[in-house]
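A short write-up of the structure that comes next.
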Amino acid sequence: VIPEAMGPLILGYTFIFIAIVDMSAMVGTVGGGGLGNFALVYGYQRFNWVVTYSAVVVIIVLVQIVQLFGNWLARRAEHV
């Protein structure tokens, strides 16, 4: 049963990781720290749009890399 469930398990863990990145970025807006707090304090509140956009781009790139790697790994696990 485990080899058959490996693909969906990998996709589930990928989703959990992306959800944690999303939540940690949002918790930064209420002072919880992390990349969201960095973008808010050093970018938005100081009108430094380069910092704000850079932080957003880093979050997007991180999520896309993890999503692509998770999909690739799940595909490989389903074909084995």
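A few comments on the model shown:
- Matching residues in segment 1-12 - criterion: being surrounded by fewer than 17 Cβ atoms within 10 Å (Cβ to Cβ) and either among the small types (Gly, Ala, Ser) or more than 29 Å from Trp72 (Cα to Cα) (or both): Ala5, Gly12
- A search for C-beta distances below 8 Å between a residue of segment 1-22 that is within 10 Å of Gly70 (Cα to Cα) and touching a residue at least 60 places away in the same chain (Cβ under 8 Å) and any residue that is surrounded by 12 or more Cβ atoms within 10 Å (Cβ to Cβ) and of a type in the set (S, T, N, Q), counting only pairs 6+ apart in sequence or on different chains, returns Leu11/Asn71; Thr14/Gln67; Thr14/Asn71.
Listed here are the residues, each with its yes/no results for (1) open to solvent by 100 Å² or more (accessible area, probe 1.4 Å); (2) within 15 Å of the chain's Cα centre (by Cα).
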{"position": "Thr14", "(1), (2)": "no, yes"}
{"position": "Ala25", "(1), (2)": "no, yes"}
{"position": "Val30", "(1), (2)": "yes, no"}
{"position": "Tyr42", "(1), (2)": "yes, no"}
{"position": "Val51", "(1), (2)": "no, no"}
{"position": "Ala55", "(1), (2)": "no, yes"}
{"position": "Leu68", "(1), (2)": "yes, yes"}
{"position": "Asn71", "(1), (2)": "no, yes"}
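The values are calculated or read from the model by the stated rules, or taken from the named source; none is laboratory data. Note that the coordinates shown come from a computational prediction; the quantities given were computed from them, not determined experimentally. FYI the Cβ positions are ideal-geometry reconstructions off the backbone, even for glycines, and counts take in every protein chain you see. With ligands, DNA and RNA removed, areas are computed over all heavy atoms of the protein, side chains included. Shrake-Rupley method; radii C 1.70, N 1.55, O 1.52, S 1.80 Å.
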